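Down below is the structure, laid out as structure tokens.
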Amino acid sequence: MCEDCCPDMEQTLFYILAAVTVVATVFAISEKHPVHAIVYLVTSFFALAALFYLLAAPLIAMFEVIIYAGAIMVLFMFVIMMLDLGHPENSARPGFWQWLPALLLAGATLVALGILMSNRISIPDKAAVVSIRDVAVMLFQKYGVAIEIISMQLLFAAVGAFYLGRRGKQ
Amino acid sequence: MMATDFWIALPLLLLAVGALVTLVVGAISRNDSSGYIIAIISALGAACCTLQAPPVGMVSTLGLSSTSTVRLFTSLFCLMAAAVLVLSKEYNKHGGNRGEEYPATILFTAFGMAALASATSLLTLFLGLEAMTFGFYILVASDLKREASVETGLKYLLIGALSSAFLAFGIALIYSVSGSLAITQAMQTTLAGSSVNPVAVAGWCFLLFGMAFKLSLVPAHLWTPDVYDGTPAPVTAFLSGGSKGASLLFLLILLPQAADAGMLRLPFWWFALLSMLIGNLSALRENRIRRLLAYSSIAHMGYVALALVAGSFSGYQAAAYYAVAYGVISLAAFGAIAVMERNGCGATLDDYRGRGARNPFASGVLTLALFALAGIPPTAGFTGKFLIFAATLKSGEMTLAIIGMLTVAVSIYYYLRVISALYFNTSEQTHQDQCTIGEVVVLSIASASVVLLGLFPARLLALLTFP
């Protein structure tokens, strides 16, 4: 992507962004106050978007910001405010036994990652830039049927919510 | 879009447009039956379209296949949707469940199944399965009058979401190894047989575990009895016959494309063994009829896993035959239960005592379906089990085949318990139950198919071809 900047700088940027993503995600999980947790999650999404940009995928970076950091976070905020969940003093932190499965899974994932890295699976060093046009052609020609199925699915998500929401009001 | 594309996509289009028209008409007219009639007509129309062969020689650009197996399963799903709609019309009217969303959702579920059946890429395959599951999330909780149906719906939703996550992750790993979403290429690279890629193995583990949830194979079976017990009976017929059939088709689209599916022999071996044992043994002590049939469903998926252990052409053919046969048999069984429940029958075996005299038609259909599930000739259940055990013995899995036959013998006991409750316990005669013409037609066709499929399996087997 950045042909004008030196590879060292790209690598440095990558490590900074990766650290921000991991730290922000850990805080998003461990933070008691839901609104603070959401702010940390947004930070993590922004760092992730920048990472995608470094990987020569500007479109995914844009989607990450618009859809995740934008739309979905706003939805989370709405739900938290509607259900009035902003009282963290009433909730208890999960105990050790509730953390244990997550820790075990994280350990297993790290070990698997270590094994994969030690096998040195080659990663292509230069990826071609994918334009919006390429994505659109791929999406609506090759996977046109998939788009139709997803749109039907979204329609019926609304229909189902409407139908099941009538419970008790008939 | 060429004429061939249109021809191949026509059943899908009919189902989708039918669902939309049902919604629109329901919004205009206050009469529920118009929605049901439109939905039934579009499902039947889609089934008729698939029966005609598309013009050969031209290649579709949509990425949808239309082999004889695909068309057979698509028409089966459409016909099943039409049958379930006919049964639901009376059942929901009696239960006081109104709304055009219900028939539209049934059509949407059939749309998902049909999309799955004709998929040639992993993406369409997964989305078809998801669309079907999505429809069932709504249908399972559709009984608005009962509080318990919320619980059932939530249980199914959580399990369904979990299994979809497993599936999506497995497909992603398989894609990362093969670099292609096209099924043929993905299967050739990840199930190559000679060199085993660890990432591909991880992907297949996730995929198989996700499918075990959908097929309710042990150890991912615990949701089945609760969901079967809490859903409206016509939906249970669709869930048991349609969703199991579609999930099996999912595996039958993938596995025959593999260069060497030997890697999957071991997981299927354990799935088959545990499902046959635990399904049949749990059903022995069960007193609620729908839970009994749910455990029997787990056992039957175990038999199908047995056919997949064989991994040969005849094994896949037997599994596909069993998917069709089990679909028709569950339609007959749960259809008959729907008719009886509409006439005020309860859920336990005691409530079924003496029903043979009160409702001879529905009891007869239920008895035939139970005989078929028990594998008594000349029904489709017998022929299916025969094909499965023949394929397994041919592939050399002697131990597992013998255990399977023993569990089939054990299962006859609990099926006969239901039949003896129906006929050999005469209660005081009150009045005769009523059946509508639609119910009689649907149940008659289903029962006739159970017998005809069992007597003449060759015609069906000729249509079930795998590469």
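Out of B:THR109, B:THR124, report the one residue that is within 14 Å of another protein chain (Cβ to nearest Cβ), in contact with a strand residue (DSSP E or B) (Cβ under 8 Å, 6 or more places away or on another chain), part of a helix (DSSP H, G or I) and not aromatic (Phe, Trp, Tyr). On inspection, the qualifying residue turns out to be B:THR124. Suppose we keep only residues that are within 13 Å of chain A (Cβ to nearest Cβ) and of a type outside the set (D, E, K, R) within the stretch B:67-104. Which one would you say is farthest from B:LEU248 (Cα to Cα)? So, considering only residues that are within 13 Å of chain A (Cβ to nearest Cβ) and of a type outside the set (D, E, K, R), the one farthest from B:LEU248 (Cα to Cα) is B:GLY96. One residue stands out in the stretch B:130-149 among those that are polar (S, T, N, Q) and part of a helix (DSSP H, G or I): the one that is nearest to B:TYR91 (Cα to Cα), namely B:SER149. Among the residues of the stretch B:264-322, those identified as part of a helix (DSSP H, G or I) and of a type in the set (Lys, Arg) are B:ARG265, B:ARG290, B:ARG291. In the stretch B:39-58, the residues that are at pLDDT below 80 form Cβ pairs under 9 Å with partners that are open to solvent by 80 Å² or more (accessible area, probe 1.4 Å) and outside any helix (DSSP H, G or I), at six or more places apart or across chains, as follows: B:MET58/B:MET2.
Out of the residues in the stretch B:96-125 that are more than 13 Å from B:LEU23 (Cα to Cα) and among the hydroxyl-bearing types (Ser, Thr, Tyr), state the one that is surrounded by the most Cβ atoms within 10 Å (Cβ to Cβ). Filtering first and then ranking leaves B:THR109. Considering (1) modelled with pLDDT under 90; (2) surrounded by 10 or more Cβ atoms within 10 Å (Cβ to Cβ); (3) part of a helix (DSSP H, G or I); (4) within 14 Å of chain B (Cβ to nearest Cβ), the lone condition that A:ALA127 does not fulfil carries the number (3). Please work out which residue is surrounded by the fewest Cβ atoms within 10 Å (Cβ to Cβ), limiting yourself to the stretch A:156-170 and to residues that are facing chain B (nearest Cβ under 8 Å) and modelled with pLDDT of 85 or more. Among them, the one singled out is A:PHE162. Does any residue of the stretch B:150-171 turn out to be acidic (Asp, Glu), buried (at least 18 other Cβ atoms within 10 Å of the Cβ) and part of a helix (DSSP H, G or I)? No, there is no match, as no residue in the stretch B:150-171 is acidic (Asp, Glu), buried (at least 18 other Cβ atoms within 10 Å of the Cβ) and part of a helix (DSSP H, G or I).
The residue of the stretch A:29-81 that is least open to solvent (accessible area, probe 1.4 Å), among those that are of a type in the set (Phe, Trp, Tyr) and touching a residue at least 12 places away in the same chain (Cβ under 8 Å), is A:PHE45.
The values are calculated or read from the model by the stated rules, or taken from the named source; none is laboratory data. As the structure is a computational prediction, the values presented were derived from the model and not from experiment. Because the Cβ atoms are built from the backbone with ideal geometry, glycine has one as well, and the counts that use them run over all protein chains shown. Ligands, DNA and RNA are excluded from the accessible area calculation, which covers all protein heavy atoms including side chains. Shrake-Rupley method; radii C 1.70, N 1.55, O 1.52, S 1.80 Å.
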